[in-house]
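Peer 1: Below are the structure tokens for one structure; questions will follow.
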Amino acid sequence: MPVVGMVGGGQLARMTQQAAIALGVRLRVLAGDPEESAAQVCSDVRIGSHTSLEDLMSFAEGCDVVTWDHEHVPGEHIRALEAAGVVCRPGSAALLHAQDKLVMRERLSALGAPCPAYTAVHSTDDVTAFGEKHGWPVVLKATRGGYDGRGVWVVGSPDEAAALVDRVIATGTALMVEEKVAFRRELAALVARSPHGQGAAYPVVETVQQDGICVEVVAPAEGLDDETAAFAQKLALGIAEELDVTGLLAVELFETADGVVVNELAMRPHNSGHWTTDGARTTQFEQHLRAILDLPLGDTDANAPWTVMGNLLGGDDPDIFERYEHVMAHDPGMKIHFYGKGVRPGRKIGHVNVSGDDLSRLRARAEHAALYLRDPGLVYPEERK
Ligand code: ADP
């Protein structure tokens with residue numbers, strides 16, 4: 001059976017290990033520390049740095065395919081691995097579009113995919129000129145390295161731009177600016193594509209963000225008309241093909257009054273696909289393994305009318321075991337996924353999935369678990385200490 005190497009020891013690698021067990025695939029993980037989420041559960045852990053070419057090269061030795069749990073491996077290292085004959089999926093050329101937002105915008109616009117207006121930023125003047133043309137506020141973004149809303153700034157005026165842009169550029173961060181899209185809600189289209197070109201699309205979901213972090217996913221997106229859903233799925237499959245993506249591709253979308261607009265891309269299992277573990281015939285983690293190994297893809301159908309995923313974020317009190325017990329006792333039908341990570345305020349430490357046919361009830365159940373785990377006082381004010 002093949003050996004898959006996943007660079008990065010986070011929760012995505014941890015949950016990929018779960019899928020690898022059932023498929024009989026061997027997973028090897030490159031983690032920075034033995035305590036990382038995936039390193040705790042994987043039998044073949046190599047400790048090293050994803051920014052060291054030497055560590056990556058020795059990690060890749062004996063792997064049939066190398067894949068990624070995050071976007072932070074330098075492109076030149078991936079190209080060096082490829083030049084040495086390592087099979088990287090997705091490859092460096094595709095992955096660049098998930099690593100650099102400006103490259104992604106340029107390519108998707110050239111392909112005719114709907115995108116917000118944007119431009120590269122070299123000085124405050126670029127932002128001011130863009131704001132004058134497209135209207136304020138605008139959204140300033142680091143082209144690389146951002147996640148969970150870090151590296152995204154809403155800028156309301158030329159004065160705000162003046163206060164921010166030079167300061168950020170001085171830290172060596174490359175910037176771009178986009179129009180602020182007046183979206184109704186955020187959606188995500190998750191697809192898989194294998195090297196010989198088989199594609200599969202999951203139902204389009206709604207993602208709910210608070211402070212730049214995804215807190216809830218509703219699968220499928222409520223009230224999304226069939227035409228828009230099919231358009232989003234075809235758009236994602238088309239992008240996967242044009243960019244030669246192998247493995248999963250998540251296309252984050254804004255739904256506007258005139259249809260959908262692409263926000264950004266991820267080429268790995270994605271938070272918007274965590275619902276599939278309990279709500280779809282094939283989990284996104286299994287699908288990623290199938291796709292990168294060029295195996296036939298699994299069925300993407302939902303196995304319930306609705307599945308709601310609630311992200312569990314840490315609160316002020318790191319001692320969560322009693323709250324964990326409460327959540328289980330309160331809702332035996334809820335599926336709990338913990339990542340083995342230390343609890344810190346706002347940190348993603350796990351998620352819950354609930355499936356059924358009463359959407360508002362499912363949302364309330366997921367919210368109860370998320371709030372209670374963070375702080376019981378958020379659910380039962382009378383218990384507030
Ligand atoms: P990250 O890489 O940190 O996930 P994103 O580019 O996805 O950053 O932006 C984070 C959030 O900021 C988005 O989920 C969305 O809510 C908001 N956002 C990003 N770009 C725009 C935009 N052009 N217009 C309006 N809101 C935006």
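Peer 1: At 1.4 Å probe size, with every protein chain present, just tell me what the per residue accessible area of the stretch 270-385 comes to in Å².
Peer 2: I get 46 Å² per residue for this part.
Peer 1: Per residue of the stretch 44-53, what does 6.51 cos²θ - 1.76 cosθ + 1.60 with θ = phi - 60° give for ³J(HN,Hα)? Whole Hz please, x for Gly and Pro, Karplus curve as stated.
Peer 2: 10, 10, 10, 9, x, 10, 6, 9, 9, 5
Peer 1: Sticking with this one: Identify, among 163, 310, 68, the residue whose Cα sits farthest towards the positive end of the charge dipole of the chain, taking +1 on the Cβ of Lys and Arg and -1 on the Cβ of Asp and Glu, with the dipole about the Cα centre.
Peer 2: Working it through, the farthest residue towards the positive pole turns out to be 68.
Peer 1: Moving on to the next point. How many percent of the accessible area of the chain is carbon or sulfur, using a 1.4 Å probe?
Peer 2: 48
Peer 1: Quick one: if you take sqrt(5λ) for each eigenvalue of the C-alpha gyration tensor of the stretch 286-329, what semi-axes come out, biggest first, whole angstrom?
Peer 2: The three semi-axes for the stretch 286-329 are 34, 16, 9 Å.
Peer 1: Each residue of the stretch 308-313 in turn: what ³J(HN,Hα) in whole Hz from Karplus with 6.51, -1.76, 1.60 and θ = phi - 60°, glycine and Pro shown as x?
Peer 2: Computed from phi, the couplings for the stretch 308-313 are 10, 9, x, 6, 9, 10 Hz.
Peer 1: Between residue 335 and residue 319, with labels modelled 7 Å along Cα→Cβ, what's the label distance in nm to one decimal, could you check?
Peer 2: Each label point lies 7 Å from its Cα, and together they span 3.3 nm.
Peer 1: How fast does the chain diffuse by Stokes-Einstein, in µm²/s, taking the Kirkwood radius from C-alpha pairs at 20 °C and 1.002 mPa s?
Peer 2: 99
Peer 1: With +1 on the Cβ of every Lys and Arg and -1 on the Cβ of every Asp and Glu, and nothing else charged, how large is the dipole of the stretch 1-47 about its Cα centre, in debye rounded to the nearest 20?
Peer 2: That gives a dipole near 180 debye.
Peer 1: Here's something else I'd like to know. Given a 10 angstrom Cα cut-off, can you work out which residue in 333, 247, 75 is the most mobile in a GNM of the chain?
Peer 2: Of 333, 247, 75, the most mobile in the Gaussian network model is 333.
Peer 1: I've got another one for you. If I take R0 = 41 Å and measure r between the Cβ atoms of residue 225 and residue 196 in this structure, what FRET efficiency does the formula 1/(1 + (r/R0)^6) give, to the nearest 0.05?
Peer 2: 0.80
Peer 1: Could you give me the ³J(HN,Hα) list for the stretch 203-213, computed from phi with Karplus coefficients 6.51, -1.76, 1.60 and θ = phi - 60°, whole Hz, x at Gly and Pro?
Peer 2: Per residue, the Karplus-derived 3J(HN,Hα) values read x, 6, 10, 9, 10, 10, 10, 10, 6, x, 10 Hz.
Peer 1: From the C-alpha gyration tensor of the stretch 66-196, pull out the three semi-axes of the equivalent ellipsoid (sqrt of 5λ each), sorted largest to smallest, in whole Å.
Peer 2: Whole-Å semi-axes of the equivalent ellipsoid: 31, 18, 12.
Peer 1: For a quick check of understanding: with a 1.4 angstrom probe and all protein chains in place, what accessible area in square angstrom does residue 306 have, to the nearest ten?
Peer 2: For residue 306, the solvent-accessible surface is approximately 50 Å².
Peer 1: Normalise the Debye intensity by I(0) for the stretch 337-378, one equal point scatterer per Cα, no solvent, then take log10 at q = 0.30 Å⁻¹ and round to two decimals.
Peer 2: -1.08
Peer 1: State the three equivalent ellipsoid semi-axes of the stretch 296-385, derived from the C-alpha gyration tensor as the square roots of 5 times its eigenvalues, in descending order and whole Å.
Peer 2: So the three semi-axes of the stretch 296-385 are 25, 16, 10 Å.
Peer 1: For a test of understanding, tell me how many lysine pairs in the chain have Cα atoms under 28 Å apart, given they are 8 or more places apart or on different chains.
Peer 2: Eligible lysine pairs with Cα atoms under 28 Å apart amount to 15.
Peer 1: Multiplying the sequence separation of residue 80 and residue 44 by 0.36 nm and subtracting their Cα-Cα distance, what value in nm do you get?
Peer 2: Residue separation times 0.36 nm, minus the Cα-Cα distance, leaves 10.6 nm.
Peer 1: Please report how far the C-alpha centroid of the stretch 148-196 lies from that of the stretch 44-113, rounded to the nearest whole angstrom.
Peer 2: Between the Cα centres of the stretch 148-196 and the stretch 44-113 lies a distance of 22 Å.
Peer 1: Give me the number: length gained by fully extending residue 383 to residue 61, i.e. 0.36 nm times residue separation minus the C-alpha to C-alpha distance, one decimal in nm.
Peer 2: Net length gain for the segment: 110.5 nm.
Peer 1: Over the stretch 45-138, with a single point scatterer placed on each C-alpha, what log10 of the ratio I(q)/I(0) does the Debye formula yield at q = 0.15, 0.20, 0.23 1/Å?
Peer 2: Debye curve over Cα of the stretch 45-138, log10 I(q)/I(0) at q = 0.15, 0.20, 0.23 Å⁻¹: -0.71, -0.94, -1.12.
Peer 1: Another one. Residues with beta-carbon under 14 Å from that of residue 82, excluding residue 82: net charge, scoring Lys, Arg +1 and Asp, Glu -1?
Peer 2: 0
Peer 1: What FRET efficiency comes out for the pair residue 364/residue 183, r = Cβ-Cβ distance, R0 = 30 Å, nearest 0.05?
Peer 2: Calculated transfer efficiency: 0.75.
Peer 1: Shifting gears a bit: In the stretch 177-274, what trypsin sites (Lys or Arg not before Pro) fall in a loop by DSSP, with at most 11 other Cβ atoms inside 10 Å?
Peer 2: 184
Peer 1: May I pose another question? Suppose the chain between residue 21 and residue 110 were pulled fully straight at 0.36 nm per residue; how much longer would it get relative to their current alpha carbon spacing?
Peer 2: 28.0 nm
Peer 1: For the chain, with only Lys/Arg (+1) and Asp/Glu (-1) charged at the beta-carbon, what is the dipole magnitude about the Cα centre, in debye rounded to 20?
Peer 2: So the magnitude is around 460 debye.
Peer 1: Can you list, bin by bin at 5 Å, the percent of alpha carbon pairs in the stretch 221-368, starting at 0?
Peer 2: Whole-percent P(r) values from 0 Å outward: 2, 8, 15, 18, 19, 17, 12, 7, 3, 0.
Peer 1: What residues qualify as long-range amide H neighbours of residue 216, i.e. H under 5 Å apart, gap of 5 or more or another chain, H built at 1.01 Å from N?
Peer 2: It is 208, 311, by chain and number.
Peer 1: Hey, another quick one. So if we plug the beta-carbon distance of residue 93 and residue 241 into 1/(1 + (r/R0)^6) with R0 = 22 Å, what FRET efficiency do we get, rounded to 0.05?
Peer 2: E between residue 93 and residue 241, to the nearest 0.05, is 0.95.
Peer 1: Could you work out the pair-distance distribution P(r) of the stretch 156-311 from its alpha-carbon pairs, with 10 angstrom bin width and percents rounded to whole numbers?
Peer 2: Spelled out per bin, shortest first, that is 11, 37, 30, 16, 6, 0.
Peer 1: Roll a 1.4 Å probe over the protein heavy atoms and report the accessible area of residue 123 in Å², nearest 10.
Peer 2: So the heavy atoms of residue 123 present about 40 Å² to solvent.
The values are calculated or read from the model by the stated rules, or taken from the named source; none is laboratory data. Worth saying up front: this structure is predicted, and the values here are computed from it rather than measured. Here the Cβ is made from the backbone with ideal geometry for all residues, glycine too, and neighbour counts use every protein chain on show. Side chains are part of the model used for accessible areas, which takes the heavy atoms of the whole protein and leaves out ligands, DNA and RNA. Shrake-Rupley method; radii C 1.70, N 1.55, O 1.52, S 1.80 Å.
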